[in-house]
Amino acid sequence: AWFMVLIHGAFIVFFYQLYFYSPLKTMVFDRKLKNKVLKQGFLASKVPQDLDAVVVGSGIGGLAIAVLLAKVGKKVLVLEQHDWAGGCCHTFTERGFEFDPFRCVVDQLINGQLQWEPLENPFDKVVLGPPENRRIYPIYSGKKRYIDELKKCFPGEEKAIDEYVRLSKVRNKDSVYLTDVVSELTQNKDLRAVMSYIFGTYDASFSLHSLLLWHYLNGAWYPKGGASEIAYHMIPIIEKAGGAVLVRAPVNRILLNDVKEAIGVSVLKGQEEVHVHAPLVISDAGIFNTYERLLPKNVQTMSAIQKQLSMVQHGDGGLSIFIGVDGTKEELGLKADNYFIFPENNLDELIDGYMNGNREESCKKVPIIFVASPSAKDSTWPERSPGKSTVSVVSFANYAWFEEWKDDKVKNRSIDYKELKEAFINSILEAVTEIYPKIKDRIEYVDAGTQITNQRYIAAPKGEIYGVDHDIARFNIELNATIRPQTPIKNLFLTGQDVMFCGFAGRVKNGNKKKE
């Protein structure tokens, strides 16, 4: 009973406790110490004795439940297949540029152990149309400011905007598509697109969209020192209770006893298996990985498991571009804000054509580009990388376009794969340099992360960065009653975004409405 209370309330309690937990603040920005904390490699000798629980995956969901358990004195081991802990909250360095793979899209958390810096206001800008007919609509934080500025952009649409805000506050439209709501409110296609820009498509639940809208109306903030600071401050809490977070620890299966109860996990160390036993196994690996990769075939076929799998599908695969630029934010005109770029205002038509097209043509017409400068958001950046800046882009692509190369060796994939990546990069760079023209001739590094990159580094089955698809079916009452933290396997639990929704945003909304 104590565990179910913890795991159901994980995100509310976790972020509340982080807010008041401050002893680790003095550790910010010590690079060597951070590496030591985030990169502890797996060895059998490092596994704590008498574990209370083992967590598969060190994404924010896995670390969150591990911290909660540690707070009540439980000894927890977190195992991460990658060589950095933190899931999407990790960094990598290429040619002197430090990148957070999803720093642009990771919704900022609450004020706690970290120092947080506000973004510009407007924090988002929605760009519609080609360069010769570009319309840029600013999105401001603060309910009144948001409404007032939107009305300035769309005179004559005051009634539609007021009703949109009213409906979004009610949040009782789980089974209503966003497109149905905005289409009834206005005939202005630009306004419809601006009302829907967070998703880049109308094919989403209006209620989920409303949660994100109101989350950001309270302001957008950025973690001082970057996203890796989040995991960096969580791990010592786990260690203080006798637990550990170990990387390069690929879990290849969940161990079951004769009556099909979870009793631990198996970790691949070279060609050998190391068995780690614990009375509770908590998976932050996602529902597909947990059920289809970590359980034996005869258990996967259980009707209760198959029912859960039949209720969800893979989300769209993420596509990221990392750009390193010579120059400071002042020299390059970079600010602490975000751009959502769309070729036009017919969002669903653009996205359907893109996803259903062939890769050679679709790479030339990416329908949604999210772009921002992480370095411009972080006041500590000039100390770490003087005279340098970064720009990061997030979009999405069809997994099938890259699937044929999924088994190739990392960093040594075929020329065809590299050429396809290059085509996407060039197309996206054209749009990005129209927004940031001063970076065009000062780019020193650029590379892309595709769906198979996501498979490799965050173990996303189809390259999805938001877990299972967040279409309207995701909010079906039966689905939410069926897919819970407790699984059909005794002592095996799920955590993370597949249990709730949409990465950080859904979790943080439960925890704190004023900071992100």
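The values are calculated or read from the model by the stated rules, or taken from the named source; none is laboratory data. Treat the numbers as computed from the prediction; the structure is a model and nothing was measured. Please note: Cβ atoms are built from the backbone with ideal geometry, for glycine as well, and neighbour counts cover all protein chains shown. Note: areas computed on protein heavy atoms with side chains; ligands, DNA, RNA excluded. Shrake-Rupley method; radii C 1.70, N 1.55, O 1.52, S 1.80 Å.
What to note about this one:
- The set of residues in the range 454-468 being of a type outside the set (D, E, K, R) and touching a residue at least 60 places away in the same chain (Cβ under 8 Å) consists of ASN454, TYR457, ILE458, ALA459, ALA460, PRO461, GLY463, ILE465, TYR466, GLY467, VAL468.
- Checked against (1) of a type in the set (D, E, K, R); (2) under 22 Å from the mean Cα position of the chain (by Cα); (3) farther than 30 Å from PRO48 by Cα, LYS329 passes all but a single condition, namely (2).
- Residue within the range 264-272 that is within 30 Å of the chain's Cα centre (by Cα), of a type in the set (S, T, N, Q) and more than 26 Å from LEU69 (Cβ to Cβ) present: no
- For the residues PRO367, PRO386, the requirement of being in a loop (DSSP other than H, G, I, E, B), open to solvent by less than 10 Å² (accessible area, probe 1.4 Å) and out of contact with any Cys (no Cβ under 9 Å at 6 or more places or on another chain) singles out PRO367.
- Those residues of the range 240-252 which are surrounded by 16 or more Cβ atoms within 10 Å (Cβ to Cβ) and more than 25 Å from the chain's Cα centre (by Cα), in sequence order: ALA241, GLY242, GLY243
- For the range 474-516, a residue qualifies if it is modelled with pLDDT of 80 or more and of a type in the set (A, V, I, L, M, F, W, C), and the qualifying residues are ILE477, LEU479, ALA481, ILE483, ILE489, LEU492, PHE493, LEU494, VAL499.
- Per-region count, the range 122-153, residues in contact (Cβ under 8 Å) with a residue 40 or more places away in the chain and either in contact with a His (Cβ under 6 Å, 6 or more places away or on another chain) or surrounded by 13 or more Cβ atoms within 10 Å (Cβ to Cβ) (or both): 17
- Filter result (open to solvent by 80 Å² or more (accessible area, probe 1.4 Å) and in a strand (DSSP E or B)) within the range 253-262: ARG253
- A count restricted to the range 286-296 and to residues that are over 18 Å from TYR466 (Cβ atoms), open to solvent by 10 Å² or more (accessible area, probe 1.4 Å) and not aliphatic (A, V, I, L, M) stands at 3.
- Matching option when the condition is in contact (Cβ under 8 Å) with a residue 60 or more places away in the chain, open to solvent by less than 10 Å² (accessible area, probe 1.4 Å) and within 21 Å of the chain's Cα centre (by Cα), among HIS209, HIS233: HIS233
- Number of residues in the range 448-465 that are open to solvent by 50 Å² or more (accessible area, probe 1.4 Å) and in a helix (DSSP H, G or I): the value is 2.
- Yes/no for VAL265 being of a type in the set (Val, Ile, Thr), out of contact with any Pro (no Cβ under 6 Å at 6 or more places or on another chain) and in a strand (DSSP E or B): yes
- From GLU344, GLU360, residue being exposed (fewer than 15 other Cβ atoms within 10 Å of the Cβ) and outside any strand (DSSP E or B): GLU360
- Answer residue from the range 315-336, given it is over 30 Å from LEU420 (Cα atoms) and among the acidic types (Asp, Glu) and is surrounded by the fewest Cβ atoms within 10 Å (Cβ to Cβ) among those: GLU330
- Count of residues meeting criterion [assigned to a loop (DSSP other than H, G, I, E, B), under 25 Å from ASN338 (Cα atoms) and modelled with pLDDT of 90 or more] in the range 173-206: 3
- Test for ASN426: is it assigned by the TED database to the domain that holds ARG359, polar (S, T, N, Q) and modelled with pLDDT under 95: no
- Residue check, PRO374 touching a Pro at 6+ places or on another chain (Cβ under 8 Å) and open to solvent by less than 20 Å² (accessible area, probe 1.4 Å): no
- Among (1) open to solvent by 50 Å² or more (accessible area, probe 1.4 Å); (2) more than 20 Å from LEU79 (Cα to Cα) - the single one ASP471 does not satisfy: (1)
- Positions within the range 36-54 being of a type in the set (A, V, I, L, M) and modelled with pLDDT under 90, in sequence order: VAL37, LEU38
- When residues in the range 143-160 are screened for being among the hydrophobic types (A, V, I, L, M, F, W, C) and more than 18 Å from LYS125 (Cα to Cα), 1 of them pass.
- Between VAL299, VAL312, VAL281, the distinction of being surrounded by 15 or more Cβ atoms within 10 Å (Cβ to Cβ), closer than 21 Å to VAL499 by Cα and at pLDDT below 95 belongs to VAL312 only.
- Within the range 418-447, the set of residues being more than 23 Å from SER375 (Cα to Cα), free of Cβ contacts under 8 Å to residues at least 40 places away in the same chain and surrounded by fewer than 18 Cβ atoms within 10 Å (Cβ to Cβ) comprises LYS418, GLU419, GLU422.
- Inspection of the range 319-330 finds a residue satisfying the criterion of being assigned to a loop (DSSP other than H, G, I, E, B), touching a Pro at 6+ places or on another chain (Cβ under 8 Å) and either farther than 30 Å from VAL76 by Cα or among the aromatic types (Phe, Trp, Tyr) (or both).
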